[in-house]
Amino acid sequence: MDFRRIKIIFILTFAALNIYLLSVLLEKNATTLSFGSESTTLNIEEAMKADDISFPTLSTDQEKIPLLKTDKGASLETDQSKLVNQTTVFEDGVLFSTLSEPIPLEIDVEDLTIVDRTPITDFILQGNVLYGAEYSFLTYLPLKRQLVYAQVANSIPIGDSTGSITFNLDPDYEVISYEQTFAGVAEVQGSSRTVISQKRAVEALYLNNQVPANSTVRMVQLTYYRTLSLSDMDIYSPMWYIEIEIENAPVEIRRVDALTGSIITTSSVSLPSAEAQIKVKTTNSSALLMEEEESTETDNALD
């Protein structure tokens, strides 16, 4: 009996069997991982619906977006002297302006939405706002009575307040003042990078307890935010700007890093509005002071 030949046959047989079993196991694991990924996504959506969280149809597309570099050469502080029919003060990178003549807006009284933004658009484009052509409308915050415009760079708005104009409305829904920041002239830096999808950004917020129950995700916008600030330039990275609406409460703004999916917890700019408004008032004419006092009395009466 040729035991050597029998031994070789057994070895080859067991080797073939092990290869077959290994291939079956790998195929099973691959199927399980794929199913698990889809199942997890589905479970997150179901969990959000169970918490009475409403959200729009969220895209799963992953775009490629480059970083940006901005030049700090242009200065709001230097150019504020060009503005007329408004009183301005510059502090900590923010230009505060009080208008000599309020700008009335048409409002839908039922849901407090703005029917027509044309008066604001005209005001910006007619040279009443520095570098106004570089900004576009981003959002309206009804309970705060604020219209927010964002500086656009590489066809994408800057969503972290370092390049924005916030128009403030009085109780009659007339624009009376604004705060402006300017990021500088922007240019693409390096090659494009793949960002996470809208869907993944909202899921990241939910999994980190950043989307409360009984709320509505009303906007998911791809924007930029400042990640590095130097003396002569800033670097900007892609970010998902997400608004969450809760009934009878101000809109909550959440930000997610579009490259890593991490939650951005701090705002890039802190606006010292109260102190700056005091400085603006002290430099206003007596007529403007009277208008401000009348507006304050109206607020108190409504309260």
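Residue check: is residue 147 aliphatic (A, V, I, L, M) and within 28 Å of residue 228 (Cα to Cα)? When the stated conditions are applied, residue 147 passes them.
Among the residues here, residue 167 does not qualify as of a type in the set (Phe, Trp, Tyr), modelled with pLDDT of 95 or more and open to solvent by 50 Å² or more (accessible area, probe 1.4 Å). Considering 162, 223, the condition of being in a loop (DSSP other than H, G, I, E, B), surrounded by 19 or more Cβ atoms within 10 Å (Cβ to Cβ) and either of a type outside the set (Val, Ile, Thr) or in contact with a strand residue (DSSP E or B) (Cβ under 7 Å, 6 or more places away or on another chain) (or both) is satisfied by 162 alone. With respect to the conditions (1) of a type in the set (A, V, I, L, M, F, W, C); (2) crowded, with 16+ Cβ neighbours inside 10 Å; (3) touching a Ser or Thr at 6+ places or on another chain (Cβ under 9 Å), residue 195 lacks only one, and its number is (3). Residue 150 meets each of the listed conditions (1) touching a Ser or Thr at 6+ places or on another chain (Cβ under 7 Å); (2) part of a loop (DSSP other than H, G, I, E, B) apart from (2). Scanning segment 226-250 for residues being β-branched (Val, Ile, Thr), closer than 30 Å to residue 185 by Cα and either more than 16 Å from the chain's Cα centre (by Cα) or assigned to a loop (DSSP other than H, G, I, E, B) (or both) gives a total of 1.
The values are calculated or read from the model by the stated rules, or taken from the named source; none is laboratory data. Quick caveat: nothing in here was measured; it's all calculated off a predicted structure. Heads up, the Cβs are rebuilt from the backbone with ideal geometry, glycines too, and the neighbour counts pull from every protein chain shown. Note: accessible area is taken over every heavy atom of the protein model, side chains too, but ligands, DNA and RNA are not part of it. Shrake-Rupley method; radii C 1.70, N 1.55, O 1.52, S 1.80 Å.
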